[in-house]
Amino acid sequence: MPEEKAQGAGREAQGKEEGARDKGVGKDGGENPVPLSASPLEPSSLAPCALRPAPCRIGVFICHCGSNIGGIVDVPAVVEYASRLKDVVHAERNLYTCADDGLTAIKTAISKHGLNRVLVASCTPRTHAPLFRRTCEAAGLNQYLFEFVNLREHCSWVHMREPARATEKAKALVKMGVARARLLERQEEPVLDIEPAAMVLGGGVAGLSAALSIANQGFPVHLVEREPELGGMAARLHRISPTYRNAREVVGPVAEAVSAHPDIRLHMPATMTDLSGYIGNFEVTLSTGEKFRVGSIVVATGADELRPDGLYGWGQLKNVVTQMELERLMAAGPFTRPKSVVMIQCAGSRGQKVSYCSKRCCFTAIKNAILLKEESPDTEVHILHNEIHVYGVAFEKEYRRAQELGVRFSRYSPEKPSVSEQNGRLNVNFYDEGLRRERDLPADLVVLSTPLVARPEAEELSKMLKVPLGQDRFFFEAHVKLRPVDFATDGIFICGTAKGPTNIGECVEQALGAASRAAIPLAKGRVRVEAITSRVNTDTCRGCGRCESECDYHAISLVPVNDAFGNRLVARVNEGLCKGCGKCSSICCNRSISLRHFTTPQIMAMVEAALEEG
Amino acid sequence: MEAESPSGVAGKAAPGFEPKIVAFCCNWCSYAGADLTGVSRMQYSPNIRIIRVMCSGRIEPNFVLRALELGADGVLVAGCHIGDCHYISGNKEAEKQIARTARLLEILGVDKRRLRLEWISASEGQKFANTVNAFTKEVRELGPAGYGRK
Ligand SMILES: Cc1cc2nc3c(=O)[nH]c(=O)nc-3n(C[C@H](O)[C@H](O)[C@H](O)COP(=O)(O)OP(=O)(O)OC[C@H]3O[C@@H](n4cnc5c(N)ncnc54)[C@H](O)[C@@H]3O)c2cc1C
Ligand code: SF4
Ligand code: SF4
């Protein structure tokens with residue numbers, strides 16, 4: 001590979017010891033750190049004839065982020081400080097470095113000042129690194145020569161009441177970034193072919209919509225559904241608000257379109273039992289034993305309705321049901337209309353079994369109350385709530401319609417209501433906030449508006465996919481606003497109630513979002529993957545095989561070589577398999593294997609800068 | 001120096017002493033958790049300097065020793081919860097390496113409490129803030145480590 005060759009050439013020129021350092025390995029660990037003055041440039045980043053590394057020319061861009069950073073941190077002082085750091089040839093501040101003029105400023109400075117390193121101190125690399133890296137590339141600077149410093153999430157936002165110390169910390173963080181920037185090396189990203197197919201996990205409304213959308217864009221889809229039937233939770237409902245259409249009429253045609261689609265392969269009932277690989281090349285194994293490869297994955301595994309065990313007499317008292325059980329009753333056909341129905345909102349949620357608001361129970365209760373009232377106007381329907389959370393145009397209208405139809409709303413608080421049986425009839429006791437007194441309501445049917453909760457199996461699935469769950473054990477997106485249907489892991493997307501409670505309309509919106517995101521790599525056909533992989537210094541590797549046995553991805557193998565040191569075995573990294581964790585770097589007693597972009601000298605330089613005075 | 005910093009972390013042992021803390025956070029969980037702390041505007045002591053690594057398994061005993069040698073008063077290592085590692089078992093390696101480092105510290109006569117390992121997920125913004133505040137407080141009470149060559 002040309003880079004290795006270039007390194008080889010450089011090594012001859014610079015002597016073995018230094019060459020090893022340039023590769024980020026060698027005797028330059030803790031006891032003997034690389035002098036910061038030493039140029040980190042790899043020979044390969046220079047013109048082919050250059051034998052001596054060019055000096056470092058670092059440009060520093062400090063972002064105000066409006067007042068997000070600038071309102072706390074003294075940005076001009078940090079710029080002034082940065083401009084005095086060794087090798088920094090240009091430092092400036094931008095109101096928004098990520099805006100067009102900020103990006104233009106970076107590009108201009110690269111050519112004007114001949115920058116060979118760029119450091120942006122702004123928000124978090126987890127959302128903004130790709131943008132700045134692309135900008136550097138556009139200006140002809142290899143993206144791995146870009147360094148990111150987090151002054152917002154890790155500084156101004158968390159030290160809002162200590163501006164002076166936040167500024168001091170900002171300076172230190174910039175100094176650490178500059179220290180690492182000096183040692184950055186250019187890297188070329190391997191380009192991989194993409195398997196032009198997707199997998200959708202879950203066949204509820206979200207999964208069905210995502211599968212259809214991807215298939216309609218022309219890519220084969222494997223749809224994996226655990227149950228023997230499509231439609232998920234929506235298929236079990238009676239009517240769907242805000243349109244009041246029969247659930248089967250809504251879900252049925254979508255399920256049929258999916259079943260009939262020539263590009264969708266249904267795996268049902270089936271679950272995924274094993275997953276390996278990465279964006280473009282995921283290898284999937286199903287419970288049915290089937291194996292296939294896909295380029296991207298959409299997770300749409302939904303949520304469960306909370307089983308209100310031990311709450312409000314459910315399971316013990318007759319005629320205490322959940323909203324879902326009520327929907328099943330209504331869907332089954334006419335049932336003896338009770339004279340009095342009491343619905344209890346937030347049953348199990350907002351502080352009881354779970355802390356959150358489940359978002360769809362208020363309109364579900366209103367929907368079912370309206371249906372009961374319309375079919376049997378004499379039935380008294382009383383909704384006990386602690387704030388009604390209906391939002392948006394359609395649902396608020398329904399709220400008013402329910403009131404007009406005579407559905408009564410009473411606010412309970414602070415305690416949740418209690419349900420008991422008295423003389424063969426149910427009785428709901430609660431403190432009525434409006435009337436400011438305790439009340440007893442007799443009821444023939446008590447309906448609990450229970451929340452959607454994460455499925456327990458999500459835990460196992462999250463481990464298989466290597467994507468996180470949030471505090472409430474729903475799947476956790478990469479960024480709540482900027483990347484709402486992405487996972488932080490490339491090539492895996494999320495939609496529907498697997499991400500948190502929501503209604504069908506929003507499930508479909510998310511599904512279409514996730515589907516178009518998942519189709520991007522498939523349409524491109526190739527993907528560039530991070531060049532953060534390990535490399536071996538074969539001169540010093542003694543072939544002990546420790547890295548080989550520890551690498552979880554089997555990316556390392558011992559191979560025979562015959563060179564100046566004799567006939568021996570050395571480690572070799574398969575870049576396609578290496579995931580870039582760096583475990584091998586930290587376990588090799590010989591410091592003979594090193595993770596690109598996170599080399600020991602780079603990390604040590606940050607440690608030193610963090611602790612250096614001034 | 002104020003007795004109580006606005007982050008609510010009071011110094012007891014050495015008034016005016018502000019410890020230097022270096023933290024190593026893995027990209028996928030604890031660095032992301034620290035991002036969430038920021039997004040949620042939870043406040044913590046500004047003594048900490050975070051160094052991002054892809055995986056906690058990348059953290060070598062040497063990083064910790066070097067930090068202490070250069071004058072850090074505490075080192076925090078944070079990774080994904082066991083079982084949640086983005087790289088299968090990198091955090092188990094971190095656990096081993098940190099245990100090994102702690103034994104080394106003992107031999108060197110360094111208080112083991114100056115090194116802390118925590119599992120913090122991407123959704124545990126509050127835990128990140130609590131951890132930093134508690135660790136800063138503890139290290140502040142331990143006083144200056146004084147291994148720095150200065
Ligand atoms: C009582 C009640 C009333 C409601 N009323 C309304 C309403 O009137 N209007 C409205 O808009 N919304 C309503 N909703 C909300 C609506 O039902 C949901 O928003 C929607 O159905 C969620 O769809 P989904 O595809 O995200 O999840 P689900 O429908 O839960 O689908 C997930 C699918 O994934 C499958 N699955 C799970 N795990 C795996 C796995 N590991 N591998 C493979 N497959 C798996 C499941 O079997 C399921 O088929 C109501 C909800 C409830 C509980
Ligand atoms: S652990 Fe180090 S010395 Fe041993 S085989 Fe791997 S790279 Fe070579
Ligand atoms: S960086 Fe991780 S995945 Fe790559 S070779 Fe080393 S141990 Fe294996």
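Coordinate-derived values only; no laboratory data. Predicted model, so just to flag it, every value in this text is computed and none were measured. Cβ coordinates were reconstructed from backbone atoms using ideal geometry, including for glycine residues, and neighbour counts include every protein chain displayed.
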Any helices (runs of 4 or more DSSP H) falling wholly within the stretch B:54-150 and containing at least 1 residues that are more than 10 Å from chain A (Cβ to nearest Cβ): B:90-108, B:125-142
Failed condition for A:Leu208, given (1) away from chain B (no Cβ under 14 Å); (2) touching a strand residue (DSSP E or B) at 6+ places or on another chain (Cβ under 9 Å); (3) of a type outside the set (Lys, Arg); (4) surrounded by fewer than 24 Cβ atoms within 10 Å (Cβ to Cβ): (4)
Unmet requirement for A:His597, which otherwise passes all of (1) facing chain B (nearest Cβ under 10 Å); (2) under 21 Å from B:Leu68 (Cβ atoms); (3) surrounded by fewer than 24 Cβ atoms within 10 Å (Cβ to Cβ): (2)
Selection count, the stretch A:116-149, where residues are facing chain B (nearest Cβ under 9 Å) and either assigned to a strand (DSSP E or B) or more than 13 Å from A:Cys98 (Cα to Cα) (or both): 2
Those residues of the stretch A:150-164 which are facing chain B (nearest Cβ under 7 Å) and closer than 13 Å to B:Asn47 by Cβ, in sequence order: A:His154, A:Val158, A:His159, A:Glu162
Residue in the stretch A:70-88 that is surrounded by fewer than 20 Cβ atoms within 10 Å (Cβ to Cβ) and in a strand (DSSP E or B) present: no
Residue list for the stretch A:351-386, filter: in contact with a helix residue (DSSP H, G or I) (Cβ under 9 Å, 6 or more places away or on another chain), over 18 Å from A:Glu506 (Cα atoms) and in a loop (DSSP other than H, G, I, E, B): A:Thr379
Of the criteria (1) away from chain B (no Cβ under 13 Å); (2) within 27 Å of A:Phe146 (Cα to Cα), which one A:Ala478 fails: (1)
Residue that is surrounded by the most Cβ atoms within 10 Å (Cβ to Cβ) [pool: residues in the stretch A:538-548 that are more than 12 Å from chain B (Cβ to nearest Cβ) and within 14 Å of ligand 3 (Cβ to nearest atom)]: A:Cys541
Which listed residue is surrounded by fewer than 22 Cβ atoms within 10 Å (Cβ to Cβ) and either out of contact with any Asp or Glu (no Cβ under 7 Å at 6 or more places or on another chain) or within 14 Å of chain B (Cβ to nearest Cβ) (or both), from A:Ala523, A:Ala498, A:Ala454: A:Ala523
Residue ranges of helices (runs of 4 or more DSSP H) in the stretch A:156-251 with at least 2 members within 23 Å of A:Glu80 (Cα to Cα) and out of contact with any Phe, Trp or Tyr (no Cβ under 6 Å at 6 or more places or on another chain): A:163-183
Options A:Gly513, A:Gly505; residue that is farther than 26 Å from B:Trp28 by Cα and either more than 13 Å from chain B (Cβ to nearest Cβ) or of a type outside the set (Asp, Glu) (or both): A:Gly505
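Being polar (S, T, N, Q) and not in a loop (DSSP other than H, G, I, E, B) is the filter; apply it to the stretch A:252-275 and report the residue that is nearest to the chain's Cα centre (by Cα).
A:Thr273
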